[in-house]
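Contents: one structure, followed by commentary.
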Amino acid sequence: ALSCGIGKLCCMLLHQMTTGYNQEEADAMRTKALAVDFDAVRKDILEVMDSPLWEDGSYAPLLIRLGWHSSGTYDKKDGSGGSDGGTMRHELEANDPDNAGLGKARELLNPIQAKYPGLTLADLWVLASYCAIEHTGGPKVAFQGGRIDAAPEKAIAPGRLPNPEKGSCPGMEAA
């Protein structure tokens, strides 16, 4: 079992609150996710990165945006949202107007997820954004898998992503 250092009961409640799964279910999903060959996944992502059929010939900007939007919903106060959960796949969050156009990024990555048993969308979207940063001349970002995909009721309602023209939502300011 995974240990979070705050006591088994608190840890179990936190997992259930943030993912919708009990500790045992979450641990089993994380174990599967950690068994994925992420170097092979990285290669597959980089193979689909460029396409003459996509706007400027590269999906990199779209995949960076996917990573940002999957992580940008995190709320430090209650631990909800963020990349651990892959909740943008659920209708409520997928249909957030701020996520418009990201369906194409998710579609692009779905065959890669299908190829690797245990690969969660939460891990795939983060790794894809890291690969996109690398592909556009940025550094190779070290990746650690183990995120799980949360239940539909954990999807984040529209309005939590920081507004690029107005800053973060009230109460979501960085500490």
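Using the structure shown, select from Lys77/Lys154; Lys104/Lys154; Lys43/Lys115; Lys76/Lys154; Lys32/Lys140 the pairs with a Cα to Cα distance greater than 19 angstrom. Can you show the working numbers first?
Numbers: Lys77/Lys154 15 Å; Lys104/Lys154 22 Å; Lys43/Lys115 13 Å; Lys76/Lys154 15 Å; Lys32/Lys140 24 Å.
Violating the 19 Å limit, Cα to Cα: Lys104/Lys154; Lys32/Lys140.
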Per the rule of 0.36 nm per residue minus the C-alpha distance, extending Lys43 to Phe143 adds in nm 34.7 nm
If the chain between Asp78 and Lys104 were fully extended at 0.36 nm per residue, the gain over the current Cα-Cα distance would be 6.3 nm
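Using the per-residue mean of other Cβ atoms lying within 10 Å as a proxy for protection, in what order, highest first, do the peptides 114-124, 22-32 fall? Walk me through the numbers on the way to the answer.
Working: 114-124: 19.6, 22-32: 16.0.
By packing density, highest mean first, the sequence is 114-124, 22-32.
Could you work out Rg/(2.2 N^0.38 Å) for the range 86-145, with Rg from alpha carbons only?
Working: Rg = 12.4 Å, N = 60, 2.2 N^0.38 = 10.4 Å.
In units of the globular-protein estimate, the range 86-145 measures up at 1.19.
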Here the gain from full extension of Thr31 to Ala157, 0.36 nm per residue of separation minus their alpha-carbon distance, amounts to 42.5 nm
With the label point 7 Å along the Cα-to-beta-carbon line of Trp68 and a cut-off under 19 Å to each amide N, the hits in the range 135-162 are 135-141, 158-162
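Just so you know, all these numbers are worked out from the coordinates, no wet-lab data involved. As the structure is a prediction and not an experimental result, all values here were calculated from the model. Here the Cβ is made from the backbone with ideal geometry for all residues, glycine too, and neighbour counts use every protein chain on show.
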